[in-house]
Amino acid sequence: MNHETQNCHCPEFALSRRRLLAGAVAGALGVTVADVIGDAHRQLAFGAPPGGNVLVVLSLRGGADGLSLVVPRGPDHDLLAAARPGLHIPRERLVGGNADFGLHPALEPLLPMWTAGTFGAVHAVGLPAPNRSHFEAIEEVERAAPGSIARVGWLNRMIGLSPNAAPQDALQVGSAMLPAALLGSASALAAYQLSDFEFGELGRGDGARMRSLHRMWDHESGEIGRAVRLAMGATTLLRPLADADIPTDAYPDGPLQEVLANTAALLKADLGTRVVTIDYGDWDMHSGAGTVDSGWMTEHAGHLAASLSAFFTDIAAIASRVTLVTLSEFGRRVEENGDYGTDHGYANSMFLLGAGVNGGTVHGRWPGLTTLNEGDLALGQDYRSVLWEVIATRFPEFSGGRATVFPGFVPEPIGAMRA
Amino acid sequence: MSSINSAPGLVPTPLGSRDQHFIRRFSGGYTAELAAEVRRAGGGRAWFDSQLRTGRDPWEKKLRSWFPSLRRSPQEIARRDRAGIQGAWEVMDDLSRWTLLMRIGSPWQVQEQLVAFWSDLLHVPLMNDKAWYHRVDYDRMIRRHALGRFDLLLTEATTHAAQGLHLDNVYSTKREPNENLGRELLELHTVGVDGGYDERDVKQSSRMLTGYRVDDDTSVPYYDPSAHYVGRIKVMGFKHPNSSKDGRKATEAYLHYLAHHPATARRIATRLCVRFVRDDPPKDLVKSVAKAFRRSGTAIQPALEALVEHPAFAKSVRRKVRTPIDDYVAAVRGLDLRIGRPVSEESFANAMNWQCGEMGQLPYDWPPPDGFPADNLAWSSTGRVLTSFDVHRTLAGGWWPDKQVRYRGLQSWLPELPARLGAVIDHVGLRLLGEEPPQSVREAVAAMLGKGLTAKVEEIGDWEVVGILATLLDSPTHMKR
């Protein structure tokens, strides 16, 4: 399906295209180096110790339809069916879930984790006040500091709490640009894939470019001098990964394939990374969302589920350390529009998978579909309450930093994580 | 861009260091043509002055037919988007490409720098799905005033549909005022967060701005007196009876007041100094720029003249880090690429958008309302370095994008051989960056080639020329301006 022909204003199209081109270019160049050069290791001597817990934040950009992913079974199902004659998922098709909610059948690949209690959901989460602009909502979600315009993200504030914070503590995989959540004074790395963590060889080869960069940057003062030296250090540290042939066969074809395979390889290498951010866009289904059997939503949710299932299989050996949460900037309007789609909404559902998750059920205060917020699912809980619960349970070393990570916010207990 | 470097072997003479400083700060970067222009003008300062009144732009004229979408009205862009003919996001891609091309090729380089400056101050994000039908028109408006007067610019920007949609003023009515633009007008566009206003001022500011609307169906902007709040307005020192249902005159008086406020002059002077001098500009520099700005009735030219005349300007050589866009534009200019009319997504003029975006920045593509940061730290991330250096290598090699573009023959960069390696490096440095690289960079190039600076070079392979070009682009000489 060619989504670009539809009336959907999504920047993530651009991102996926950009990535495609970049991949093609990287393939065309293809000179690599195997040596580990210089003393750059020393610059990365600090950082988190290996063997620590990891948080993977998967952003479902575009506004994923939480009401189609985690669907109410009770009387609210009748309301939803009436509001969405073309799009609702019949009760008997729902899978997993609990007494009150069922999951989209495309999420079936994750049912074993749901049953095992390592996959759970929270419903009706969102920003403290609705913001139905993609761009503003993404910024607000990722800055997570209402009232401040400083462009510093919550994950950057979190990793910055560590006195030994190092660049490899936090990485964006799948894009060379840091997401707003990782922007700020603490260093973080970003790359399309791990193979980007190298300076393509020049001249004589055999590490000559790295030696050359050291010659002109080692004594260069200022911010950019520091950044070049950090980048040199990171390429040295990640060189074995940059050169490694990362197997992707176990992952389904699609936008998450290489990203999750790279993430798994990074986490298995255990370099002290605490945070990985990943984007999975194209959820802005204003039209042509398809049916429960086929089409955009079903394919998209299916790719998500099959990919995450492959990911957790891939990292089975370190599964006790890795927790993954999904975030999306907003949910969708309860009522479908005239084009088999839904417009921008408010509260949404969120998934939690992996270590420490109190899964197999849907958590959260459910405001129901009787009283809506301008046609949208109303807020049950602030998304920061869920995130804080993850931080507090998985990163005890950061649990004193709540006022830094989420300034001015008092979280409420959700129960989505095991204490 | 036309012309450029002459026959191989001929060593160009560098501009004086002060002249070089002018073009690093007020142009997209060195080209031989620009250096010749600076010489003809009689030096950097005279060139700068000559740029303050723009004239014919054959490059701009040529680009007009490349991106037809940019000549359409907001209403036409909206109609075509809604009809599924051309998505507004595609028009925004074109605006980004066209802006890059203007910075690369326009002879009016100072104007391009000022367009970027004002676009950050009065920011409307490229990919804002509320405002994008009007974003191209907003850019045209900024360009009309870029070298003119701030009070006129502010009035047009604040009442423009793009800003009204971006910061929700078009939804703001006397019954339900929306404070978004009323607040940012004070905080971001004029006096600044410490400018001396309080929450009552924000409310009054928002009421003053009510009435400017945009028709949902046709995207035609209009003024709606029934939405306008009537009644006395007081914001900081501004007082107005605002007794007419048509509040446009009163709004203009309010915007005039803010444009001429001393706190606004300080704020704009500070931003000019951070952008064109250094991140921590000395107080008396800011003061003299602010003074010139106010005295001239918010004209930008006297403020810029005060800035370049202050000794702090001359002393700030290479205090600024090139942003990814600066980096990209300067690399394309230095490498002397001849960009042709795009015919497909793979054409340079189109594909360069992905390449520059990969470096982490595209014109106006910054979601929050405050515009790109101008400080060095913001553009000094490791990811930025990795992607920049990757793009340097790709461009130096001429590998991609390679359609509808002509790269110079690699051998044409070289002096007559044999020559000492040091002389070769100096020669290429002069042609690529407009100056002889410092010793650390010369040594870096030599290390890359695995040769000594005094080695006699009989021939240099294409791969080695790529290495020299890429290393020079990776150097502090290129990365700092």
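The values are calculated or read from the model by the stated rules, or taken from the named source; none is laboratory data. None of these values were measured; they are calculated from a predicted model. So basically every Cβ, Gly included, is an ideal-geometry build from the backbone, and we count neighbours across all protein chains shown.
Tabulated values for the structure
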read-out	value
Residue satisfying all of: in the range B:399-412; away from every other protein chain (no Cβ under 13 Å) and without any contact (Cβ under 8 Å) to a residue 60 or more places away in the chain; surrounded by the fewest Cβ atoms within 10 Å (Cβ to Cβ) among these	B:GLY409
Residues (of a type in the set (Lys, Arg), modelled with pLDDT of 95 or more and surrounded by fewer than 16 Cβ atoms within 10 Å (Cβ to Cβ)) located in the range B:63-78	B:ARG71
Residues of the range B:230-251 that turn out to be surrounded by fewer than 20 Cβ atoms within 10 Å (Cβ to Cβ) and under 20 Å from B:LEU165 (Cβ atoms), as a count	1
Residues satisfying the stated conditions in the range A:285-305, i.e. assigned to a helix (DSSP H, G or I), farther than 14 Å from A:ARG61 by Cα and in contact with a Leu (Cβ under 7 Å, 6 or more places away or on another chain)	A:HIS303, A:ALA305
Qualifying residues in the range A:196-231 (those that are of a type in the set (A, V, I, L, M) and more than 17 Å from B:HIS478 (Cβ to Cβ)) - the one farthest from the other protein chains (Cβ to nearest Cβ)	A:MET210
Residue in the range B:330-350 that is within 12 Å of chain A (Cβ to nearest Cβ) and within 30 Å of A:ALA150 (Cβ to Cβ) present	no
Any hit, the range A:64-80, residues being over 19 Å from A:MET350 (Cα atoms) and small (Gly, Ala, Ser)	yes
Selection within the range B:365-383 - within 7 Å of another protein chain (Cβ to nearest Cβ), farther than 16 Å from B:PRO125 by Cβ and not small (Gly, Ala, Ser)	B:ASN376, B:LEU377, B:THR382
Exclusive hit being more than 11 Å from chain B (Cβ to nearest Cβ), surrounded by 21 or more Cβ atoms within 10 Å (Cβ to Cβ) and not in a helix (DSSP H, G or I), set A:ALA181, A:ALA124	A:ALA124
Answer residue from the range B:165-201, given it is crowded, with 19+ Cβ neighbours inside 10 Å and β-branched (Val, Ile, Thr) and is farthest from B:ALA131 (Cα to Cα) among those	B:VAL191
Yes/no for B:GLU112 being surrounded by fewer than 21 Cβ atoms within 10 Å (Cβ to Cβ) and part of a helix (DSSP H, G or I)	no
Boolean, B:LEU154 is among the aliphatic types (A, V, I, L, M), crowded, with 24+ Cβ neighbours inside 10 Å and modelled with pLDDT under 95	no
Residue match in the range A:263-271 (condition: crowded, with 18+ Cβ neighbours inside 10 Å and in a loop (DSSP other than H, G, I, E, B))	yes
Test for A:ASP279: is it under 17 Å from the mean Cα position of the chain (by Cα), buried (at least 21 other Cβ atoms within 10 Å of the Cβ) and modelled with pLDDT under 90	no
Members of the range A:378-419 that are buried (at least 18 other Cβ atoms within 10 Å of the Cβ) and of a type in the set (S, T, N, Q)	A:GLN381, A:SER385, A:THR393
The range A:84-104, residues that are touching a residue at least 24 places away in the same chain (Cβ under 8 Å) and within 29 Å of A:PRO413 (Cα to Cα)	A:GLY97, A:ASN98, A:ALA99, A:ASP100, A:PHE101, A:GLY102, A:LEU103, A:HIS104
Failed item in (1) surrounded by fewer than 21 Cβ atoms within 10 Å (Cβ to Cβ); (2) at pLDDT 95 or above, with B:ASP326 passing the rest	(1)
Checklist (1) more than 11 Å from every other protein chain (Cβ to nearest Cβ); (2) part of a helix (DSSP H, G or I); (3) touching a His at 6+ places or on another chain (Cβ under 8 Å) applied to B:PRO415, failing item	(2)
Residue check for A:ALA191: under 18 Å from the mean Cα position of the chain (by Cα), without any contact (Cβ under 8 Å) to a residue 40 or more places away in the chain and either more than 9 Å from every other protein chain (Cβ to nearest Cβ) or buried (at least 23 other Cβ atoms within 10 Å of the Cβ) (or both)	yes
Among (1) modelled with pLDDT of 95 or more; (2) of a type in the set (Gly, Ala, Ser); (3) assigned to a helix (DSSP H, G or I), the one test that A:GLY233 misses	(1)
Residues located in the range A:133-160, provided they are over 15 Å from the mean Cα position of the chain (by Cα), in a loop (DSSP other than H, G, I, E, B) and not charged (D, E, K, R)	A:SER133, A:ALA144, A:ALA145, A:PRO146, A:GLY147, A:SER148, A:ILE149, A:ALA150, A:VAL152, A:GLY160
Counted residues, the range B:44-69 - those being under 17 Å from B:ALA349 (Cβ atoms) and among the hydrophobic types (A, V, I, L, M, F, W, C)	4
Condition check for B:VAL441: within 7 Å of another protein chain (Cβ to nearest Cβ), among the aliphatic types (A, V, I, L, M) and touching a helix residue (DSSP H, G or I) at 6+ places or on another chain (Cβ under 6 Å)	yes
Lone qualifier among B:ALA396, B:ALA423, B:ALA470, B:ALA447 - being touching a Ser or Thr at 6+ places or on another chain (Cβ under 8 Å), of a type outside the set (Val, Ile, Thr) and either within 9 Å of another protein chain (Cβ to nearest Cβ) or within 30 Å of B:ARG25 (Cβ to Cβ) (or both)	B:ALA447
Qualifying residue in the range B:446-469 (condition: of a type outside the set (Lys, Arg), surrounded by fewer than 18 Cβ atoms within 10 Å (Cβ to Cβ), closer than 22 Å to B:ARG319 by Cα and out of contact with any Lys or Arg (no Cβ under 9 Å at 6 or more places or on another chain))	no
Tally, over the range B:171-213, of residues that are at pLDDT below 90 and under 23 Å from B:SER226 (Cβ atoms)	6
